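Have a look at the structure below before the remarks.
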Amino acid sequence: MVDMVKKLIKFKGFLVPPAELEALLISHPQISDVAVVQQKDEAAGVALIGPSNGSELTEEGVREFISKQVVFYKRLHKVL
């Protein structure tokens, strides 16, 4: 297992710790599992979401949930 605390995603000159975004995302009641990773050949990261059973979670809903809690450069650009 890789220690995610030491991993950082570089985005437009800012460093974004994936573990911080993962902790926020996992607190969402309709998310049961999550991983935030850097996209290959791109500066931003992507959130891989495991929705809870029966969840009607949307990409827009997840992005809105995070955008209310973090500064602009930590907002999600892609949710899978």
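The values are calculated or read from the model by the stated rules, or taken from the named source; none is laboratory data. Since this is a predicted model, take the numbers as computed values, not measurements. Methodologically, a virtual Cβ is constructed for each residue, glycine included, from the backbone with ideal geometry; neighbour enumeration extends over all protein chains shown.
Of the residues 76, 25, 8, which single one is at pLDDT 95 or above, touching a helix residue (DSSP H, G or I) at 6+ places or on another chain (Cβ under 9 Å), surrounded by 15 or more Cβ atoms within 10 Å (Cβ to Cβ) and not polar (S, T, N, Q)?
25
Looking at region 28-56, which of its residues are over 25 Å from residue 72 (Cβ atoms), charged (D, E, K, R) and surrounded by fewer than 12 Cβ atoms within 10 Å (Cβ to Cβ)?
Correct list: 56 only.
Could you grab me the full set of residues in region 53-68 that are assigned to a loop (DSSP other than H, G, I, E, B) and either at positive phi or under 12 Å from the mean Cα position of the chain (by Cα) (or both)?
54
When region 44-66 is examined, which residues are found to be hydroxyl-bearing (Ser, Thr, Tyr) and at pLDDT 95 or above?
Listed by number, the list is empty, since nothing qualifies.
List, please: which pairs have Cβ atoms under 7 Å, are six or more places apart or on different chains, and start with a residue in region 7-33 that is under 13 Å from residue 70 (Cβ atoms) and end with one that is part of a helix (DSSP H, G or I) and of a type in the set (D, E, K, R)?
16/74; 21/74
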